[in-house]
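**Q** Got a structure for you, questions after.
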Amino acid sequence: VAQGALTSYTFSNVTTDHTITATFAINTYVITPTAGSGGSIDPATPQTVNHGEDFTFTITPDPGYQIVDVGVDGVAQGITSQYVFTDVRADHTLSATFALKTYVITPTPGEGGRISPADPQTVTHGEDITFTIIPDVGYQIVDVGVDGVLQGITSTYVFTDVRADHTLSATFALKTYIITPTAGDGGSISPATPQTVTHGADFTFTITPDEGYYIADVLVDGQSVGVPTTYTFRDVQLDRTIHATFQATPDEPAPITITVKPTETYTFEITSTQGLSVSVVVPAGAVSETIDLVYQAHLTVTDVPTGYAFANVSFRITAYLNGNRQDSFRFENPITVTLTYRDEDIAGLDERTLRLRYFSEETSRWGDIRSLEHNRARKRMVFSIDHLTKFALFGLPEGARNYIYLPLVLSNQ
């Protein structure tokens, strides 16, 4: 008769024979697995294990997940894909936690630009992330590379459904622009072909008239810059054009010579066949000894100051003493020069900006001469001059500058 599972049994008041039997079985224990979201433990149900046996569980993350930790009886065991209970002698628990995988995307911009965000980015499995490629001022994107594979020119790149580490690179280069030179008949521009210029660089062209021609005008981007023999584009930041026109050099009038004595006043007037009028008054006492003054009219000027235009009035007065040219000659008393211009001489020019200038042989530059009178109604200008050189009338193109004018009272002459 079964008595149950007893560790002792007492026969009381024994009066007959008896038998006692005992049966035994090995102890068993339960190991209970618990998997968090993102993975599984196999086997997944509680397992009964005999005393002293070993038992193995496999921990498997779902796609895109990774094992974060494995716990046995509440004690972390670290990251492992398999756990073996050895010589089992008690109940146990097994737990596993999982998390989405993360990947690192590393941006690397070259010189001349940047990538935003600029730092390596941690991205979870399956997510998207966008990078912006930004060139510096004056630079342009040359190429974008992903994991070493060129993607072409793009200002943004999107990594979609990220499942691995990646790299993003960008290369940049200075922008380039084209300066296109063209020249009319009678001269040339050097270099003569379109020139590629990098952003911010300078580039110089030389304008050369053929023999028997002079520079009539130089246009930069369609706007006149006068008649320079060289033109430098500064800090180039867009495509540009330069065009030069030339005209045949006309025969200049013969020079006029007048002998001036110290004690006498001399006036000579020169009116060209084109109707231009120049009057020169040399007062008594202007010279200390008898000299010859040679007046030479010039119909062209090839070295117009930058930004100005020639107003078709130019002449040179030279002093000779005993037949020898006096390059540094100065008058004891200033002479007076009156010139009269025509509407056609100043066509396209702002009349208010007309200036008579003298050419300095020392500096090879034009200097201003202050006018004593500028009567625009009579188209007449009067100047006082104490030295001799080349003189020319220039003006700014209409609309080139804005001026504020105050009233000026002129005497009637």
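The values are calculated or read from the model by the stated rules, or taken from the named source; none is laboratory data. Predicted model only: the values in this text are computed from it and were never measured. A quick note on method: Cβ atoms are made from the backbone with ideal geometry, for glycine too, and the neighbour counts reach across all protein chains shown. All accessible areas refer to the heavy atoms of the entire protein, side chains included, with ligands and DNA or RNA removed. Shrake-Rupley method; radii C 1.70, N 1.55, O 1.52, S 1.80 Å.
**Q** If I model a spin label at residue 167 and residue 132 as a point 7 Å from the Cα along the Cα→Cβ vector, what separation in nanometres do I get?
**A** 2.6 nm
**Q** Figure the gain on full extension for residue 73 and residue 146 (residue separation times 0.36 nm, minus the Cα-Cα span) and round it to one decimal in nm. Spell out each step's value before the answer.
**A** Details: separation 73, 0.36 × 73 = 26.28 nm, distance 4.60 nm.
Working it through step by step, the gained length comes to 21.7 nm.
**Q** Once the Cα gyration tensor of the range 1-121 is found, what semi-axes does its equivalent ellipsoid get, as square roots of 5 times the eigenvalues, in whole Å, sorted largest first?
**A** Computed over the range 1-121, the values are 60, 10, 10 Å.
**Q** A follow-up question, please. If I take all pairs of Cα atoms in the range 117-177, what percentage of them are more than 18 Å from each other?
**A** Every Cα pair in the range 117-177 considered, those over 18 Å come to 38 percent.
**Q** Report the calculated FRET efficiency for residue 324 and residue 264 (r = Cβ-Cβ distance, R0 = 22 Å), to the nearest 0.05.
**A** Numbers: r = 22 Å, r/R0 = 1.00.
Calculated value: 0.50.
**Q** Run the numbers on the chain and let me know its relative contact order in percent, using alpha-carbon pairs under 8 Å that are six or more apart. Working shown, then result.
**A** Details: 947 pairs, mean separation 34.9, N = 413.
Relative contact order comes out at 8 percent.
**Q** Top mean-square fluctuation among 358, 29, 65, Gaussian network model of the chain, C-alpha springs under 10 Å?
**A** 29
**Q** Provide 289, 373, 362 ordered by accessible surface of protein heavy atoms (probe 1.4 Å), highest first.
**A** Output order, biggest surface exposure first: 362, 289, 373.
**Q** Separate question: Only Lys, Arg, Asp and Glu count, each charged at its Cβ (+1, +1, -1, -1), so figure out the dipole size of the chain about its Cα centre, rounded to 20 debye. Write down the numbers at each step before the final one.
**A** Working: 23 positive and 46 negative charges, 360 e Å.
Roughly 1720 debye, rounded to the nearest 20.
**Q** Sticking with this structure for a sec: Under 20 Å Cα-Cα from residue 379, which aspartates and glutamates qualify once same-chain neighbours fewer than 8 residues away are excluded?
**A** 269, 343, 344, 345, 350, 351, 368, 398
**Q** Moving on. Students often check this: by mean Cβ neighbours within 10 Å, which of 313-322, 345-354 ranks highest, and how do the rest follow?
**A** Result, highest mean Cβ count within 10 Å first: 313-322, 345-354.
**Q** Any chance you could check the Cα centroid distance between the range 218-246 and the range 175-195 for me, in angstrom?
**A** Cα centroid to Cα centroid, the span is 10 Å.
**Q** Then there's this: Run the simple label-point estimate for residue 18 and residue 42 please: 7 Å along Cα→C-beta, distance reported in nm.
**A** Placing both labels 7 Å beyond Cα along the Cβ direction yields 5.5 nm.
**Q** Output needed for the range 282-344: three equivalent-ellipsoid semi-axes, defined as square roots of 5 times the C-alpha gyration tensor eigenvalues, in descending order, whole Å. List each step's numbers first, then the result.
**A** Working: eigenvalues 152, 42, 23 Å².
Equivalent ellipsoid of the range 282-344: 28, 15, 11 Å, largest first.
**Q** Near residue 173, within a Cβ-to-Cβ distance under 14 Å, what is the net charge of the other residues, with Lys and Arg +1 and Asp and Glu -1?
**A** Spelling it out: positives minus negatives among the neighbours equals -2.
**Q** Normalise the Cα radius of gyration of the chain by 2.2 N^0.38 Å (N = residues in it) and let me know the number.
**A** 2.33
**Q** Of the heavy-atom accessible surface of the chain (probe 1.4 angstrom), what whole percent is carbon and sulfur?
**A** Details: 11440 of 23620 Å².
Here it works out to 48 percent.
**Q** May I ask you to derive the relative contact order of the range 201-354, considering only C-alpha pairs under 8 Å and at least 6 residues apart, and to give it as an integer percent?
**A** 22 percent
**Q** Just to be sure I understand: if I project the alpha-carbon convex hull of the range 74-176 onto a plane and average over all orientations, what area do I get in nm²?
**A** Mean shadow area of the hull around the Cα atoms is 9.0 nm².
**Q** Here is a follow-up. For a quick check: with amide H placed at 1.01 Å from N, whose amide H comes under 5 Å from residue 398's, ignoring anything fewer than 5 positions away on the same chain?
**A** 349, 350
**Q** Write down Rg/Rh for the range 206-338, rounded to two decimals, with Rg from the C-alpha atoms and Rh from the Kirkwood relation over Cα pairs.
**A** On the way: Rg = 19.4 Å, Rh = 17.5 Å.
Here Rg/Rh amounts to 1.11.
**Q** Antiparallel as a % of all DSSP beta bridges within the chain, to the nearest 5?
**A** Looking only at bridges with both residues in the chain, the antiparallel portion is about 90 percent.
**Q** Could I ask something else about it? With θ set to phi - 60°, apply the Karplus curve 6.51 cos²θ - 1.76 cosθ + 1.60 along the range 219-227 and write out the HN-Hα couplings as whole Hz, x wherever there is a Gly or Pro.
**A** So the J values, rounded to whole Hz, are 10, 10, 6, x, 10, 5, 10, x, 10.
**Q** For the range 237-356, what is the charge dipole size about the Cα centre, in debye to the nearest 20, if Lys and Arg each add +1 at the Cβ and Asp and Glu each add -1 at the Cβ?
**A** Values: 8 positive and 15 negative charges, 43 e Å.
Using Cβ point charges on Lys, Arg, Asp and Glu, the range 237-356 gives about 200 debye.
**Q** Where Rh denotes the Kirkwood radius from the mean inverse Cα pair distance, what is Rg over Rh for the range 182-266? Write out the running numbers ahead of the final one.
**A** Working: Rg = 19.4 Å, Rh = 15.3 Å.
My calculation of the ratio gives 1.27.
**Q** Tell me, what ³J(HN,Hα) does each residue in the range 41-46 have, in order and in whole Hz, if you take phi through Karplus 6.51 cos²θ - 1.76 cosθ + 1.60 with θ = phi - 60° and put x for Gly and Pro?
**A** 10, 10, x, 8, 9, x
**Q** Largest first, what is the accessible-area ranking of 203, 57, 246 with a 1.4 Å probe? All intermediate terms of the calculation are to be shown ahead of the outcome.
**A** Details: 203 50, 57 0, 246 20 Å².
Most to least solvent-accessible, the answer reads 203, 246, 57.
**Q** Compute the signed sum of charges (Lys and Arg +1, Asp and Glu -1) over the other residues within less than 10 Å, Cβ to Cβ, of residue 318.
**A** Numbers: positive: 316, 325, 390; negative: 292, 327.
Once all neighbours under 10 Å are counted, the net charge is +1.
**Q** Next question. For the range 203-217, take each phi angle, set θ = phi - 60°, evaluate the Karplus expression 6.51 cos²θ - 1.76 cosθ + 1.60, and give the result in whole Hz per residue in order, putting x for glycine and proline.
**A** 8, 10, 10, 10, 9, 10, x, 5, 4, x, 10, 9, 6, 8, 6
**Q** Could you give the accessible area per residue of the range 1-126, probe 1.4 Å, as a whole number in Å²?
**A** Per residue, the range 1-126 has 65 Å² of solvent-accessible surface.
**Q** Choose one of 116, 82, 150: the residue whose Cα lies farthest towards the positive end of the charge dipole of the chain (beta-carbon charges +1 Lys, Arg; -1 Asp, Glu; about the Cα centre).
**A** Ranked along the dipole, the leading option is 116.
**Q** Report, ordered by chain and residue number, the aspartates and glutamates lying within cross-link reach of residue 261, taken as a straight Cα distance under 16 Å and ignoring same-chain residues fewer than 8 apart.
**A** Counting by Cα, and skipping residues close in sequence, residue 261 has these aspartates and glutamates nearby: 289, 292, 332.
**Q** Hey, another quick one. Could you tell me which residue out of 233, 174, 268 lies farthest along the dipole of the chain toward its positive end? Charges go on the beta carbon: Lys and Arg +1, Asp and Glu -1, centred on the Cα centre.
**A** Going by the charge dipole, the pick is 268.
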